[in-house]
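Step one of this worksheet: look at the structure below.
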Amino acid sequence: MCFEQHYMRILVERNGGEILRAFGMLKDRLGDLSLALYGEAQRCCAVMDVCEELGLPVACICDTQGSSGEHRDYYGVPITTPEALQKEFADSIVAVCREDGVVADLANKGLILIPPEYSKMLMVFSKRPSIRTFRENCLDGYAWAFDFFKDEISKQTVVDRLRLYFCGKPMQANTQCALYYEDGYISIGENEVFVDGGAYKGETSLGFIKRLKSQNYGHAHIYAFEPDTKMYPLAVENLSQCPNTTVIPKGLWSAEVELSFYESSATASSSFLNMPVSSAALAKAPVTSLDTVFAGVPDSDLPTFIKMDIEGAEKEALTGAADIIRRKKPKLAICAYHKPEDVFELPQTILNIRDDYSFALRQHENGVWDTIIYAV
């Protein structure tokens, strides 16, 4: 089956979903009234795309992060402020597209809200990429990725991620191999130089050492990078007894700079890209490039295996390892689930550096995470 046939099937599945049928019921209840979508603008835009598909009129998007004062719109629908919502769109029914205690506050201000069960369904779409934006920016890339990957499991993984974004259907694991160690692609031997990009508490480095020991191998060196100030001390502690191991309190990027970073104690919620509405947990994180770290190092001491799970910074970090990739051709295990475009942009980035890699795409766990691109 070609990509276009898969895509058409996904559209049928999406438009026949239970949530979309409920949106049709909401349309009947609205009658001639229009919606005002209330929440972070990016998430409201994703909801508006669904409303447009079903003929639900949207009067405005109320951006709770605040407006710059300039004229803003999303395909002709004005993006306004909470203050303007009360003054200019008081006749609209408010659909809340965020999860907090704002509902009672809006009701106290005299605004009419849609029933809470519909708001919950709207928030499902608020957490997904805008379908309109996805079609414009990513669909051709997914078609490219489907044709690019040679094996059927990789092709199906591309389709499954497309279904995830369009339909919200969690992915199913399609390999029983350990994370970062897909059979037929990743094999490890004596004197590996391992880069653990996104070390977290050090589990991946410890797992690497354990795997080597099971084969009676030792490593030349491990470089573990972790910019989160909460996780870095734990990584240092957990790896303190491991020889030839360096834990570096920096993230990976294409240059030596400082970036805004959202730190959270919750699992897998830290991010360089997807910032929450509140900036309370934002911090400045130092980042570096692998080419900077290994500048002047002889080829024999360059990384032989690079793993990256770095919260959406993978493309930049690969660019920042271009010299190493050209000189050494290390094994690569790169997470491809932080951004919709990862599935095609990451292999394209590697190909632009060196075009003699073999690639595979695998889903290691049920859900939305642990989609890995392997390049060897």
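A short reminder: the numbers here are calculations on the coordinates, not readings from a lab. None of the values given here were measured: they were computed from a predicted structure. No Cβ is skipped: glycine too gets one built from the backbone with ideal geometry, and neighbour counts run over all protein chains shown.
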(request) Give, in nm to one decimal, the length gained when the segment between Cys2 and Glu258 is fully stretched (0.36 nm per residue of separation minus the Cα-Cα distance). (result) 87.8 nm
(request) Give me Ser187, Ser205 ranked fewest to most by other Cβ atoms within 10 Å of their Cβ, as a rough exposure proxy. (result) Ser187, Ser205
(request) Give the percent of DSSP beta bridges with both residues in segment 3-128 that are antiparallel, rounded to the nearest 5. (result) 15
(request) Pull up the DSSP beta bridges for the chain and report the antiparallel fraction as a percent, rounded to 5. (result) 35
(message) Using only Cα atoms and rounding to the nearest 10 degrees, what angle (0 to 90) does helix 342-353 make with the longest principal axis of the chain?
(response) 40
(message) Defining a contact as two alpha carbons under 8 Å apart and six or more residues distant in sequence, what relative contact order in percent does segment 48-193 show?
(response) 14
(message) Compute the distance from the alpha-carbon center of segment 172-229 to that of segment 80-111, in whole Å.
(response) 49
(message) What is the angle, in °, between the Cα long axis of helix 139-148 and the longest principal axis of the Cα atoms in the chain? Nearest 10 is fine, range 0 to 90.
(response) 30
(message) Checking the table Lys250/Lys339; Lys150/Lys210; Lys213/Lys315; Lys127/Lys150; Lys169/Lys284 against a 23 Å threshold on Cα-Cα, which pairs fail?
(response) Lys150/Lys210; Lys213/Lys315; Lys127/Lys150; Lys169/Lys284
(request) Compute the long axis of helix 18-30 from its Cα atoms, compare it with the longest principal axis of the Cα atoms of the chain, and write down the angle in degrees, 0 to 90, nearest 10. (result) 30
(message) Counting only helical runs of four or more DSSP H residues, what would the 222 nm mean residue ellipticity of the chain come to if each run contributes -39,500 (n - 2.57) and the total is spread over all its residues?
(response) -11000 deg cm²/dmol
(message) Can you tell me what percent of all Cα-Cα pairs in the chain are more than 37 Å apart?
(response) 30
(request) For Asp73 paired with Ser300, estimate the spin-label separation in nm (one decimal), with each label point 7 Å from Cα along the Cα-to-Cβ line. (result) 6.7
